[in-house]
1. If R0 is 56 Å, what FRET efficiency do you get for Asp242 and Thr168 from their C-beta distance, rounded to 0.05?
2. Using Cα centres only, tell me the gap between the stretch 312-380 and the stretch 11-44 in whole Å.
3. Which is the longest stretch in the chain that no exposed loop site breaks, taking sites as GluC sites (Glu not before Pro) with a DSSP loop state and at most 14 other Cβ atoms within 10 Å?
4. What is the angle, in °, between the Cα long axis of helix 169-189 and the longest principal axis of the Cα atoms in the chain? Nearest 10 is fine, range 0 to 90.
5. Express as a percent, rounded to the nearest 5, the fraction of DSSP beta bridges in the stretch 326-414 (both residues included) that run antiparallel.
6. Say the dipole of the stretch 326-414 comes from +1 at the beta carbon of Lys and Arg and -1 at that of Asp and Glu; which of Ser400, Gln349, Leu414 then lies farthest toward its positive end?
7. Show which aspartates and glutamates lie in cross-link reach of Lys247 when reach means a straight Cα distance below 16 angstrom and same-chain residues fewer than eight apart are skipped.
8. At a 1.4 Å probe, what is the % contribution of carbon and sulfur to the accessible area of the stretch 12-313?
Amino acid sequence: MQRMSQLFTKTRREAPADESSRNAQLLIQAGFIHKEMAGVYSYLPLGLRVINTIKRIVSAEMEALGSQELIMSTIQNKDIWEKTNRWSDEAVDVWFKSQLKNGNEIGFGWSHEEPITDMIKGHIASYADLPRYVHQFQNKLRNEVRAKSGIMRCREFIMKDMYSYSLTEEQHIAFYAKATDAYMNVFRNVGLGDRTFVTSASGGLFTEKFSHEFQTVCEAGEDVIYVHKDGTHALNGEIFTDETLQKMNAERSDFEQKKAAEVGNIFTFGTKKCEELGLYFTDAEGNKNMPFLGSYGIGITRLMGVIAEVFSDDKGLVWPASVAPYDVHGIVLDGKEREAEGIVQALEQKGMNVMYDDRADRTAGEKFADADLIGIPWRIVVSKRTMEKGMVEVKNRQRSAIEYVSEAGIVEKLKTV
Ligand code: ATP
Ligand code: MG
């Protein structure tokens, strides 16, 4: 149980005046994040609980794919990026760079294909060592020009990045398809399944080969996508051309234009990068060969921002149960602490996580407003009135109806959706 009287953060009465994005306004007001400067945020205890839950959902899918977790450094070696011609600011326009005391230049990781491929040379020697999949949750640093979308576009953000090294192109394509499904499972499990589309995109900055974005329809998104009317896929604005449509045997009118946020992106690199960095293996015939590289990113903090945008109303955040910082928001009124704490403890024993508003110096109205702002799925109230009925008041954050439930029936009630 987290007592609100002891909670490290306080809610604010007003949204911060220096934020124009809804996700940052709400998350700051409710005490989930702290703005350090434009595009740079810290994650406070409530925000970190959401991040950790999203990470668990992502980890489960990565492990099911057979990927192993590691963590690479943020400080990166210039030499490695020079080998693939991605060190220059012309090639990559988001680099943060610095210098060691001896004058040597270093870069701060905006991505990790090069360092991982270089590192893995020490661990892949023969065809028996392939395929290999690795992933990490890592703070990426990018010198973004614009940072007006709250935590949806940051100069420091958490990304889950996975890298696949396959024996053959065929093996790569099969894994890429499995990874696509795993990504959709993630977006479904955080509550965004019905508005997230696998979106065909050009390789852009990364590659000439194929890539796919996972785009979540959202007014605050910075991208424009074209969703096919059958609802199974979408096209990125860049490739929505007459030529592409002709190749697909489709018409403009088959698609609907939507604003969207890119929550994930997967790429096929092929063998070029391995060749440039000298990653080879010996095949069954004793010949030297290059693995086939794929790269798979999810913006963990951007995803949290999109969830906040999509699931919120004029009173505050409305977390889907799968990512909420707590399951239940308990409120005690009229000095009924003894009764309320008994109920909260019973809920915790049943495995529910409870935020318990035990603050003696707040009115009922203030407590209700904070519960709405923070957005935990279930609110329960224990007061003189509810105790006279021998009941607990229960309300779901998504609905306006208030119900009275007996203490014995409350766990069952809170399990319903
Ligand atoms: P964008 O087109 O939005 O700038 P990108 O294509 O450069 O993103 P990738 O390199 O594909 O991003 O990174 C993988 C994922 O990391 C993205 O799909 C997105 O969810 C997230 N991401 C990228 N840049 C940022 C950022 N500046 N702030 C927060 N999340 C980001
Ligand atoms: Mg991308």
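The values are calculated or read from the model by the stated rules, or taken from the named source; none is laboratory data. Keep in mind that what you see is a predicted model, and the values were worked out from it rather than measured. In this analysis, Cβ positions are derived from the backbone assuming ideal geometry, glycine residues included, and neighbour counts consider all displayed protein chains. Ligands, DNA and RNA are excluded from the accessible area calculation, which covers all protein heavy atoms including side chains. Shrake-Rupley method; radii C 1.70, N 1.55, O 1.52, S 1.80 Å.
1. 0.95
2. Using only Cα atoms to place each centre, the spacing works out to 21 Å.
3. Longest stretch, sites excluded: 286-417.
4. Relative to the chain, helix 169-189 is tipped by roughly 10 degrees.
5. The antiparallel proportion sits near 50 percent.
6. Value computed over the given set: Ser400.
7. Glu238
8. The nonpolar share, carbon plus sulfur, comes to 47 percent.
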